[in-house]
Amino acid sequence: MRTSLGRAISRARISSRVSASRLSINASRAVLASQPFTEIGNNAGSRTPAISYRAYSKQAKLTKDTYHTERGDYGQLTSEDIAYFKSILPENGVVQDKTDLEIYNQDWMRKYRGSSELVLKPKTTEQVSQILKYCNEKKLAVVPQGGNTGLVGGSVPVFDEVVISLANMNQIQSFDPVTGILVADAGVILENADNFLREQGFIFPLDLGAKGSCHIGGNVATNAGGLRLLRYGSLHGSVLGLQAVLADGTIYNGLSKLRKDNTGYDLKQLFIGSEGTLGIITAVSILCAPKPLAVNAAFLGLDSFEQVQKTFGRAKGELSEILSAFECMDANSQNIVAKYTDLARPLEGSHPFYVLIETSGSNKDHDDAKLEKFLEGLLEDEVIADGVVAQDETQLKNLWQWRELIPEKLGHGGVYKYDVSIPLADMFKLVDDVQARLEEAGVVGDSEEFPAIASVGYGHIGDGNLHLNVPLRRYDEKVEKLLEPFVYEWVSKVNGSISAEHGLGFAKKNYIQYSKDAGSIELIRDLKKLYDPKAILNPYKYV
Amino acid sequence: MSSKLRILVPVKRVIDSAIRPRVNKAQTGVETQGVKFSINPFCDIALEEAIRIREGSKSLVEKIHAVSAGSIKSQETLRTALAKGADESTLIDVGDKDLEPLSVAKLLAKVVEAQDSNLVILGKQAIDNDSNQTGQLLAGLLNWPQATNASKVEVEESSGSVTVTREVDGGSETVKAKLPLVITTDLRLNEPRYASLPNIMKAKKKPLKVVKPDDLGVDVSSRLEILKVTEPPVRQAGIIVGSTDELIERLKSAGAV
Ligand SMILES: Cc1cc2nc3c(=O)[nH]c(=O)nc-3n(C[C@H](O)[C@H](O)[C@H](O)COP(=O)(O)OP(=O)(O)OC[C@H]3O[C@@H](n4cnc5c(N)ncnc54)[C@H](O)[C@@H]3O)c2cc1C
């Protein structure tokens, strides 16, 4: 029955023969519906930028050359090593083909590139354990890799580290529809986990623009925040347990399904946000939230950041329990999305700031009434200049696109990304200060001669988290020197964090001191030495 | 005849097009409990076209009237239509009854009469039952010309004639007719707008009249009985073959070649 619109759409796009296009739509739907979890690498029906469709036409310079890094004292791969890995892994678990290796060597931003000659794709925790035990003995450096969507260069090798991809560990292990506790392999793609849960009336308590590619293990390893942290909290709260393999092959079995457990140190917390430096996460147990029955979104235009703050304050008060996202985007970010898509802009006029508000609740009439009253109040008090409310699911998705497409569309020619926590009031001052600094140096502007396009700000305002981006026409060391450590110093001065949610990886390894004192850094290093004495796990990164 | 347009736009409330419908347990229809409903996408396009005609020439359009036949919940759909740009609206309250296209066409014909409409723009079909009949039946009842599956509509102000480009198999067809006229819309016609906040607020004060089929003197009893509704058969997942030899092998064993 419902094929009609899809059919009609496919008809508009592909063919005017109703019968032919009906067939095609039915076929694609059937394939989606019966797609097993082992096939999901190709990112079924994703609305997000997937690795697969980003053309790797532009290759990054090798990280070691760009950043003048010295190779550590690690073993070199031998044919004997390869033979060993082949003996413990299935045939498709050992990747050596040069072209096949490319996507594992380069990061999503096309900023970092390594030269690994071997990718291992274990299917079981035991295999991960065997691999690490062997690598530890031979002192072979490794990089754990999930969906390779990380934004700080943590997921790709710097030299010839062996990539251990979790992509083949992609099974849901169990789900309890009463408690909402999901246990799944680390390599399950976030969107697939979410789709599975939605069928059961639940959702994954994390959502982000890279959901079609990133792994839940990668999410936990980076302690990803995402679009609804405001509502569902951090992974430090929702992850109940995990299983991880340590550098020497020891399996840490902490796959607890308990909400409360005060017996001993909470070890799992160490792995959440450890970015592959303490162990390889192989499975996760996580508390999921019931699927909201009513979701709505409004997209607002505002004249100043003061008004954005006022709107946020009122949203917390008036929408309270149904508020599920509060995202802010500046004019530059929206202009760039507009340039690279043919989506109709939600608002007619242009505004310096835009806000996307989402509500999620259990009663549509109640939520609609609340949202409407809230928005009317804002309009009457002239806190907002203009706004639209989604009238259907398609509009709701399209409104989200204006937020979710930003990272992808800004990335066209490369981008410098900063992901900072700063006190709300100062947030966009940083964007302005960076713009002024780049202008002064004559490196930013509208035409080809300038390496940088603009200073752009957007982010999870509800969490005090700003994404400062400088989209580029080409990478230029001059721009980087202007930005770093300037941005970090700026953030440090207001006691912010230089990495709110993307982590340290390779990009911020040298800047941790802007957010952590010497004592804390020492403790982090002690832990690393204890868990990974030969430092084979994700070297050259983190601290 | 005055060439001022009095446009009637029928709109239907249906399960949101982005939601996958499921057959209910009794197999008498699709599950509607806890499911999001929205304006039928083709109706949304019809409404958008009416608004664009007015935006193209203010003096040309006297009014845009939206009408919906459905349960009291269809008021929401009418409010959306009013927020997007309709001037006034009528709800024909039929309770929970599923109407057949002929009944809808008869009801609409009465509203055309009451509103003195001279142009009806409606979706070519509703995505819940895919009938694709209402526009044609209405044109027949009114004895008006019809231009179905429109992908482009041009109104000539001076002569009161309308040129419509239609989507047909393998290409397009351009037809021209004098008012009054029935147009049904195809997907390519336009992209509907968002409802802006100021307009949502204004829409609350716009007229929304509720009538019953009896008030219009129309008998809406069904002529068809739905015996059973079932899901389409699940297709088996595809397989990836390693070589052309394997492909031929597989095709042979499946008896396909
Ligand atoms: C379009 C886009 C939008 C994004 N939006 C957000 C956002 O809103 N919020 C946010 O926080 N992040 C965001 N990110 C960043 C990124 O997607 C997240 O950090 C994500 O959680 C990374 O998951 P992944 O599977 O791709 O990990 P990868 O990129 O493969 O790896 C990231 C790090 O984790 C390690 N790692 C991966 N898997 C494992 C494992 N199983 N065990 C141990 N270590 C592992 C890697 O070594 C690496 O250091 C976004 C990225 C993109 C491209």
Just to check your reading of the model, which residue among A:GLU358, A:GLU376 is charged (D, E, K, R) and within 12 Å of another protein chain (Cβ to nearest Cβ)?
A:GLU376
Criterion first (more than 25 Å from B:SER74 (Cα to Cα) and within 14 Å of another protein chain (Cβ to nearest Cβ)) does B:GLY160 satisfy it?
no
All but one of (1) closer than 30 Å to A:LEU399 by Cα; (2) charged (D, E, K, R); (3) under 22 Å from the mean Cα position of the chain (by Cα) hold for B:GLU173; which doesn't?
(1)
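Would you check if A:GLY154 is out of contact with any Pro (no Cβ under 6 Å at 6 or more places or on another chain) and within 12 Å of the ligand (Cβ to nearest atom)?
When the stated conditions are applied, A:GLY154 passes them.
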Say whether the condition of being part of a helix (DSSP H, G or I), hydrophobic (A, V, I, L, M, F, W, C), closer than 20 Å to A:ARG231 by Cβ and more than 16 Å from the ligand (Cβ to nearest atom) is met by at least one residue in the range A:376-391.
no
Suppose the filter is in contact (Cβ under 8 Å) with a residue 24 or more places away in the chain, assigned to a strand (DSSP E or B), buried (at least 17 other Cβ atoms within 10 Å of the Cβ) and over 14 Å from the mean Cα position of the chain (by Cα); does B:SER103 pass it?
no
Restricting attention to the range A:62-109, which residues are under 24 Å from A:LYS123 (Cα atoms), charged (D, E, K, R) and not in a helix (DSSP H, G or I)?
A:ASP97, A:ASP107
Among the residues of the range A:450-473, count how many are touching a helix residue (DSSP H, G or I) at 6+ places or on another chain (Cβ under 6 Å), more than 19 Å from A:GLY496 (Cα to Cα) and of a type in the set (A, V, I, L, M).
2
Pick out, from the range B:1-93, the strands (runs of 3 or more DSSP E) lying fully within it that include 3 or more residues that are more than 12 Å from chain A (Cβ to nearest Cβ).
B:5-10, B:61-70, B:88-93
The condition from (1) surrounded by 13 or more Cβ atoms within 10 Å (Cβ to Cβ); (2) farther than 22 Å from B:ASP130 by Cα; (3) of a type outside the set (Ser, Thr, Tyr) that B:GLU167 misses is numbered (2)
Looking at A:ASN253, is it more than 10 Å from the ligand (Cβ to nearest atom), within 28 Å of A:VAL163 (Cβ to Cβ) and within 14 Å of chain B (Cβ to nearest Cβ)?
no
What are the residues in the range A:482-512 that are without any contact (Cβ under 8 Å) to a residue 60 or more places away in the chain, away from the ligand (no atom under 12 Å from the Cβ) and closer than 25 Å to A:PRO144 by Cα, if any?
A:ASN510, A:TYR511, A:ILE512
Of the conditions (1) touching a residue at least 40 places away in the same chain (Cβ under 8 Å); (2) surrounded by fewer than 19 Cβ atoms within 10 Å (Cβ to Cβ); (3) more than 16 Å from the ligand (Cβ to nearest atom); (4) within 14 Å of chain B (Cβ to nearest Cβ), A:PRO423 clears all except one; give me its number.
(4)
The correct count of residues that are small (Gly, Ala, Ser) and modelled with pLDDT under 90 in the range B:27-41 is 2
Being among the acidic types (Asp, Glu) and in contact (Cβ under 8 Å) with a residue 24 or more places away in the chain narrows it down to one of B:GLU246, B:GLU167, B:GLU157, so name that one.
B:GLU157
Out of the residues in the range A:199-227 that are more than 8 Å from the ligand (Cβ to nearest atom) and more than 22 Å from A:GLY241 (Cβ to Cβ), state the one that is surrounded by the fewest Cβ atoms within 10 Å (Cβ to Cβ).
A:GLU199
Breaking point among (1) closer than 25 Å to A:ALA283 by Cα; (2) out of contact with any Leu (no Cβ under 8 Å at 6 or more places or on another chain); (3) away from the ligand (no atom under 13 Å from the Cβ), for A:LYS123
(2)
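Residue-wise test of (1) crowded, with 20+ Cβ neighbours inside 10 Å; (2) in contact (Cβ under 8 Å) with a residue 60 or more places away in the chain.
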{"site": "B:VAL35", "(1), (2)": "no, no"}
{"site": "B:GLU76", "(1), (2)": "no, yes"}
{"site": "B:LEU82", "(1), (2)": "yes, yes"}
{"site": "B:ASP87", "(1), (2)": "no, yes"}
Take the residues in the range A:379-395 that are free of Cβ contacts under 8 Å to residues at least 24 places away in the same chain and more than 8 Å from chain B (Cβ to nearest Cβ), then tell me which one is nearest to B:ASP44 (Cα to Cα).
A:GLU380
Which count do you get for residues in the range B:170-218 that are exposed (fewer than 15 other Cβ atoms within 10 Å of the Cβ), among the acidic types (Asp, Glu) and facing chain A (nearest Cβ under 9 Å)?
1
Counting only residues that are closer than 30 Å to A:LYS139 by Cα and in contact with a His (Cβ under 6 Å, 6 or more places away or on another chain), give me the helices (runs of 4 or more DSSP H) lying completely in the range A:153-262 with at least 3 of them.
none
Please enumerate the residues belonging to the range A:256-278 that are on the phi < 0 side of the Ramachandran plot and within 14 Å of the ligand (Cβ to nearest atom).
A:LYS268, A:LEU270, A:PHE271, A:ILE272, A:SER274, A:THR277, A:LEU278
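The values are calculated or read from the model by the stated rules, or taken from the named source; none is laboratory data. The model shown is predicted, which means the values in this text are computed figures rather than measured ones. Methodologically, a virtual Cβ is constructed for each residue, glycine included, from the backbone with ideal geometry; neighbour enumeration extends over all protein chains shown.
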